[in-house]
Amino acid sequence: MQAAVIAGCIVCLSSGERGFAADHEQLRQEGTRHYSAGRYFQAIEAFEKALAGAPEEARGPVKGDLAHALAGLGFEYLSESEGKMAEETFRRAIGVSEDYYANFGLGYLFFTRREDGEARTYLLSSLGSRRDYAPTHKLLGLLDYRRGLTKEAIDRLSLSLRLDPADDESAFLVRRLKSELGVVSTFPSVGLKHFKLRVDPKIPGKLATRLQVELERVYTELGKALGVWPSGKVPVVLYSQGRFYEATGSQHWVGGFYDGQIKLPVPTVEDEKDPAFRKLLEVVRHEYAHLLVLKLSAECPMWLNEGIAQYFEASYKRDAVYGRLKESREARIPLKKMPARLGNIDDVELARWVYLQGLGFVEFLAEKYRPFRLRLLLRAIAEEHSAAEAFERIYGRSTEDLEKEWWARVEKPGK
């Protein structure tokens, strides 16, 4: 989404009324060049200088340029899990100019925090300034989906796709939601104490019952571990395995996912002791952990979220994890450089490596500082709106220092 956002703004920065004095115009063009190269601080400085000397009739377009550059910086902060600084920068941008891109930035920030009312307010403000901006319609569609309004979500995402036919993510979402809507509506509902299920009739009754027992058990165990329990019933969809991949469009290696609902592929086996079914029970823990992490801190970095989910899945062997990490030194990625979203990763091997690094680091944190600090960390991220500040607050050290010690342990596990 970010590439589309930035590309859409370059036109705005390079257009506008002419007639500036040469130095003002030169500063504006300089700012545009910096913006196009992602040098937001330099772009802001150039636009501020242009604004300071621009005649009154020329200030409006320069204010728009400055707001765009500030919003670009806000997205850069978001990519580094610095939500507090991102919010301050987006608000500063709106203070300069009531601009669609700055409003979109705040809407996107609140969307990631799952503060849906605030997100909708700013996204609608963005539409008020520019109605043909596809990413705004996409986020509004995803907000509809969170509310259970699947048909409305499809309509909004379809509009986003018409505005930006090259957006593969919107195309995928439209296909998936249409397919799911047609399939899931035929599944019988099952009400549990803490879950609301839709169960594919093709799933053997014995396996469906076993999964219901596991869900309630995981609710208790992980609730105690992370100190959070959802206030309402959690929606879960149990698909037969073939129907899961057909309806959701998921890759063959996806073992389940959480998108506001827990969605699981139940293997076509008869015995609950079958390895494929036992693996599914681990996936139940994994996906429910994702739900709780997002309840505690919607701004949790993706790699940390995946690491915590795997840690509570409890199916890994520490020595094996450290062995794989040690063998692949050339693949290591600094945590601050990790992709912000799994959707940004096209390479399956890279995705697996991100999972592995996340698990290894979380295991290190839990072993050295005890598991209960993971929930304190998540709460601190939510309160500080900054992963870096949260690590400093809970562990007394920077993420970089912790990461350095962790890699040293990977190299020499006995020390």
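Laboratory data are not the source of any read-out in this text; all were calculated from the coordinates shown. Here the structure is a predicted model, which is why all the values come from computation and not from measurement. Quick reminder, even Gly has a Cβ in these numbers, built from the backbone with ideal geometry, and neighbours come from all protein chains shown.
Positive contributions from Lys and Arg (+1) and negative ones from Asp and Glu (-1), summed over other residues with Cβ under 11 Å from the Cβ of R198, come out at 0.
Note on E383/R91: beta-carbon distance plugged into 1/(1 + (r/R0)^6) with R0 of 25 Å gives a FRET efficiency of 0.85. Which entry in (i) 1.18; (ii) 1.08; (iii) 1.43 is this structure's computed Cα Rg over 2.2 N^0.38 Å? Answer by label: (ii). Of the residues E383, E57, E282, the one that moves most in a GNM of the chain with alpha-carbon contacts below 10 Å is E57.
K368 to R332: extension gain in nm, 0.36 nm per residue of separation minus the Cα-Cα distance? Working shown, then result.
Values: separation 36, 0.36 × 36 = 12.96 nm, distance 2.16 nm.
So the chain would gain 10.8 nm between K368 and R332.
Screening the chain for DSSP H helices whose Cα atoms reach 27 Å or more along their own axis and whose mean Kyte hydropathy is at least -1.0 gives 59-79, 205-226, 275-296, 348-369. Among A46, A166, A309, the residue with the largest mean-square fluctuation in a Gaussian network model of the chain, with springs joining Cα atoms closer than 10 Å, is A166. Summing +1 for each Lys or Arg and -1 for each Asp or Glu among the other residues whose beta-carbon sits under 11 angstrom from that of P267 gives -2.
Under 5 Å between amide hydrogens, built in the peptide plane, is the criterion, and for S386 it picks out G83, K84 among residues at least 5 positions away or on other chains.
The label-point distance for V269 and V348, in a model that sets each label 7 Å from Cα toward Cβ, rounds to 2.0 nm.
Among R375, R147, R329, the largest mean-square fluctuation in a Gaussian network model of the chain, built with springs joining Cα atoms closer than 10 Å, belongs to R329. Once the chain from R147 to A276 is taken as fully extended at 0.36 nm per residue, the excess over their C-alpha distance is 43.2 nm.
Could you tally the net charge around E384, taking each other residue with its Cβ under 12 Å from the Cβ of E384, Lys/Arg +1 and Asp/Glu -1?
-3
For Y245 and R33, what is the calculated FRET efficiency with R₀ set at 45 Å and r taken between the beta-carbons, to the nearest 0.05? Using R0 = 45 Å, I get an efficiency of 0.45.
Full extension of the chain between V213 and D401 gives 63.5 nm of extra length, using 0.36 nm per residue less the Cα-Cα distance. Across region 2-166, the mean sequence separation of Cα contacts (distance under 8 Å, 6 or more residues apart), normalised by length, yields a relative contact order of 14 percent. Extent along the principal axes, Cα only, for region 267-415: 50, 35, 32 Å, with the longest axis given first.
Structural descriptor for region 189-283: relative contact order 28 percent, calculated from alpha carbon pairs under 8 angstrom and at least 6 residues apart. Remark: relative contact order (the chain) = 10 percent; criterion is Cα-Cα distance under 8 angstrom and separation of 6 or more residues. Distant-in-sequence amide contacts of F257, defined by a placed amide H-H separation under 5 Å and a gap of 5 or more residues or a different chain, comprise K263.
Given R₀ = 51 Å, what would the calculated FRET efficiency be for E56 paired with E411, taking r from the Cβ atoms and rounding to 0.05?
Values: r = 63 Å, r/R0 = 1.23.
Using R0 = 51 Å, I get an efficiency of 0.20.
Could you tell me whether region 2-166 comes out rounded, prolate or oblate from its Cα gyration tensor? Rule is a ≥ b ≥ c as square roots of the eigenvalues, rounded for a/c under 1.5, then prolate if a/b exceeds b/c, otherwise oblate. Prolate, because a/c is 1.5 or more and a/b exceeds b/c.
The separation of region 177-224 from region 354-391, counted between C-alpha centres, amounts to 30 Å. Applying a DSSP loop filter and a limit of 15 other Cβ atoms within 10 Å to the trypsin sites (Lys or Arg not before Pro) in region 237-318 leaves K273, K317.
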